[in-house]
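Enquirer: Before I ask anything, let me first share the structure, which is written out below as structure tokens.
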Amino acid sequence: MLAWTRRALAATWLTLVLVGLALPADAVEPGAARAFVGDLADRATAILNSDAADETRRDGLRDLLNEGFDVAFIARSVLGPPFRELSEAQRADYVAAFERWLVASYASRLDEYNGQRLEIVGAEAQGQQDVRVVSRVTGDQTPVRIDWRVRDRDGRLQIIDVEVEGVSMTVSQRQEFSSVVQRRGVDGLIALLRERSASLG
């Protein structure tokens, strides 16, 4: 699967569905970032615990992911330098394919929710623009640390990266995407993302 290891996905899918080309942004207050991530987690948990049909819950989780994550920024960051070499049409196709795949990947994992809870541990400034919100997911297994990188994106807070036990989603995914691009080119990567999205429903 084009993502972290299955262990990382299983440990973080609940919180992920919550969640160098950027323009300068205002600094984020740690308290605001902490409250933002906590609110997303609470809303995701409410959706997961609802009695609504699976399709309705998936739609709710997709909306929450798109609201809480800057998916377009993450898509550009994951692809890295090759993104700058793409035509405008290729950029649009890639970002759209990435967004559909990311949302489908995590919205499709409803059956893996088993009462896990997200606990916010702290928040601290990271560089001049970002805040790292530290959390842990607890449930029926060993607690897993998840760090959220939050930035002000055009006047609203959004998540631009996630680390699971110190492993960055962006860095890990970039390595895998780079391998696909080397073998199949960017158009091949776009096609593969579309195939994976279709298979996830």
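Nothing in this text is a laboratory measurement; each read-out follows from the coordinates by a stated rule. Since the structure is predicted, the reported quantities are computational estimates derived from the model, not experimental observations. Neighbour counts are summed over all protein chains in view; Cβ atoms, including those assigned to glycine, are modelled from backbone coordinates with ideal geometry.
Enquirer: With +1 on each Lys and Arg Cβ and -1 on each Asp and Glu Cβ, how big is the dipole of segment 42-195 about its Cα centre, in debye rounded to the nearest 20?
Expert: Details: 21 positive and 27 negative charges, 75 e Å.
Here segment 42-195 has a charge dipole of around 360 debye.
Enquirer: To continue, here is another question. Is it possible to state the helix-based mean residue ellipticity at 222 nm for the chain, with each DSSP H run of 4+ residues giving -39500 (n - 2.57), the sum divided by total residues, to the nearest 500 deg cm²/dmol? What is it?
Expert: Details: 6 runs with 106 residues, N = 201.
Calculated from helices alone, the mean residue ellipticity at 222 nm is -18000 deg cm²/dmol.
Enquirer: With the Cα gyration tensor of segment 68-124 giving a ≥ b ≥ c as the square roots of its eigenvalues, does the rule (a/c under 1.5 for rounded; else a/b larger than b/c for prolate; else oblate) give rounded, prolate or oblate?
Expert: Working: a/c = 4.08, a/b = 1.77, b/c = 2.31.
Here segment 68-124 falls in the oblate category.
Enquirer: HN-Hα J couplings of segment 76-84 from phi, Karplus 6.51/-1.76/1.60, θ = phi - 60°, integer Hz, Gly and Pro as x?
Expert: 5, 5, 5, 6, x, x, x, 4, 5
Enquirer: Which of rounded, prolate or oblate describes segment 33-118 when judged by the alpha-carbon gyration tensor and an a/c cut-off of 1.5?
Expert: Details: a/c = 2.98, a/b = 1.94, b/c = 1.54.
Prolate, because a/c is 1.5 or more and a/b exceeds b/c.
Enquirer: On to the next question. Which one, L61, Q182, G31, projects farthest toward the positive side of the charge dipole computed for segment 6-200 from Cβ point charges (K/R +1, D/E -1)?
Expert: Farthest towards the positive pole: Q182.
Enquirer: Can I ask one more? Looking at the square roots a ≥ b ≥ c of the eigenvalues of the Cα gyration tensor of the chain, which shape do they give, rounded for a/c under 1.5, prolate if a/b is larger than b/c, or oblate? Could the numbers behind the result be given before it?
Expert: On the way: a/c = 1.67, a/b = 1.19, b/c = 1.40.
Cα axes put the chain in the oblate bin.
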